[in-house]
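Everything below concerns the one structure shown next.
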Amino acid sequence: MSMINANTKGVFVIAATPFTPDGQIDHNSLDGMVDFYFDKGADGLTILGMMGEAPKLTQSESLAITKQIIKRAAGKPIVVGVSAPGLAAIGELTKAVMDEGAAGVMVAPPGNLKTNEQIITYYANLVKTISEDVPVVLQDFPLATGVSISSATMGTIFENHPSIVMLKHEDWPGLQKISDLREAEKKGRRRVSILCGNAGVFLPEEMRRGADGAMTGFAYPEMMVEICRLCNVDQYDKAHDLFDAYLPLMRYEQQPALGLAVRKFILARRGVIAHASQRQPGADLSPTSQQEVIFLMTRLEKRMAEIS
């Protein structure tokens, strides 16, 4: 299993966690989902993230899922989300998943960090806890965590800790942060990989600003793969044409508190997972919402037929 590093590029899909209607882990769907993501061109997966319902899993379930996905991935890189309120739990899970062959871990800052000094100290303590040998993805998602990390503070963290090799960029608005980080690298700061989230809704712009790819869970990973490919060869008009076709579904998925329900419903409709179920607590799509998603999926199929 290869480790992620500061030059990692491509699409790392944030994987959903499939459940049966009674809330049990659907291990059969788990294997099929992994195959689907890689068949659609993903370069790697990130599991047990916020949209993977990680807080609803026990530690033993998290490790069991990690083992199964790493085995199924057959050498492709798997990043594991290990965020938790305390460093002890992060350290324990990190050791376990790295021993299983994970390519690195992703850690978001806890919501109680309020100052730049606290944020810098937190990541220093994190690296000390899990060791400098573990590649780390810093998840910057202030809309979810409530923690805003400035470009300057992030730069200090990167300078202090070479093992933090990747930024999962989900600030919104946050395009300027990508530009700031890349500009600092031109002036001598070490490089970090930047993969972007937010369901891909700013992916063409992020790529043009200098991002290396996507790390998010939109239910059509083939779109993200193709947009990254087009942007990498400076075909931005074609990238935006493709993006425009998927935008209605992306917009629908961005509804607060409903996004995961939409994503899982689409994955189930595409035959990727057997059930759209979330482990409770979790919102379900109403029959009306389901019909709206089906309508948008049908329109997308027609539009893609026209493009091709």
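The values are calculated or read from the model by the stated rules, or taken from the named source; none is laboratory data. Here the structure is a predicted model, which is why all the values come from computation and not from measurement. Please note: Cβ atoms are built from the backbone with ideal geometry, for glycine as well, and neighbour counts cover all protein chains shown. With ligands, DNA and RNA removed, areas are computed over all heavy atoms of the protein, side chains included. Shrake-Rupley method; radii C 1.70, N 1.55, O 1.52, S 1.80 Å.
If you take the residues in region 175-200 that are surrounded by fewer than 20 Cβ atoms within 10 Å (Cβ to Cβ) and of a type outside the set (D, E, K, R), which one is farthest from Met250 (Cα to Cα)? Only one residue fits best here, namely Gly188. For residues that are among the polar types (S, T, N, Q) and open to solvent by less than 30 Å² (accessible area, probe 1.4 Å), scanning just region 49-66, find the one that is modelled with the lowest pLDDT. Among those that are among the polar types (S, T, N, Q) and open to solvent by less than 30 Å² (accessible area, probe 1.4 Å), it is Ser62.
If I ask for residues that are part of a loop (DSSP other than H, G, I, E, B) and more than 23 Å from the chain's Cα centre (by Cα), which ones from region 271-302 would you list?
Residue satisfying the conditions is Ser286 alone.
I'd like to know if region 242-251 contains one or more residues that are open to solvent by less than 60 Å² (accessible area, probe 1.4 Å), in a loop (DSSP other than H, G, I, E, B) and in contact with a Leu (Cβ under 7 Å, 6 or more places away or on another chain). Scanning region 242-251 turns up no residue that is open to solvent by less than 60 Å² (accessible area, probe 1.4 Å), in a loop (DSSP other than H, G, I, E, B) and in contact with a Leu (Cβ under 7 Å, 6 or more places away or on another chain).
Residues are listed down the side, and each one gets a yes or a no for (1) touching a helix residue (DSSP H, G or I) at 6+ places or on another chain (Cβ under 7 Å); (2) open to solvent by 10 Å² or more (accessible area, probe 1.4 Å); (3) hydrophobic (A, V, I, L, M, F, W, C); (4) modelled with pLDDT of 95 or more:
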residue	(1), (2), (3), (4)
Glu205	yes, yes, no, yes
Gly210	yes, yes, no, yes
Met224	yes, no, yes, yes
Gln235	no, yes, no, yes
His240	yes, yes, no, yes
Lys264	no, no, no, yes
Gly271	no, yes, no, yes
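Could you tell me whether Met51 is outside any strand (DSSP E or B), in contact with a Gly (Cβ under 7 Å, 6 or more places away or on another chain) and under 28 Å from Gln254 (Cβ atoms)? So Met51 fits the description; yes. Within region 226-283, track down each residue that is among the hydroxyl-bearing types (Ser, Thr, Tyr) and in contact with a strand residue (DSSP E or B) (Cβ under 7 Å, 6 or more places away or on another chain). Answer for region 226-283, where residues must be among the hydroxyl-bearing types (Ser, Thr, Tyr) and in contact with a strand residue (DSSP E or B) (Cβ under 7 Å, 6 or more places away or on another chain): just Ser277. Screening Met304 on (1) within 19 Å of Gly217 (Cα to Cα); (2) in contact (Cβ under 8 Å) with a residue 40 or more places away in the chain shows it passes everything except condition (1).
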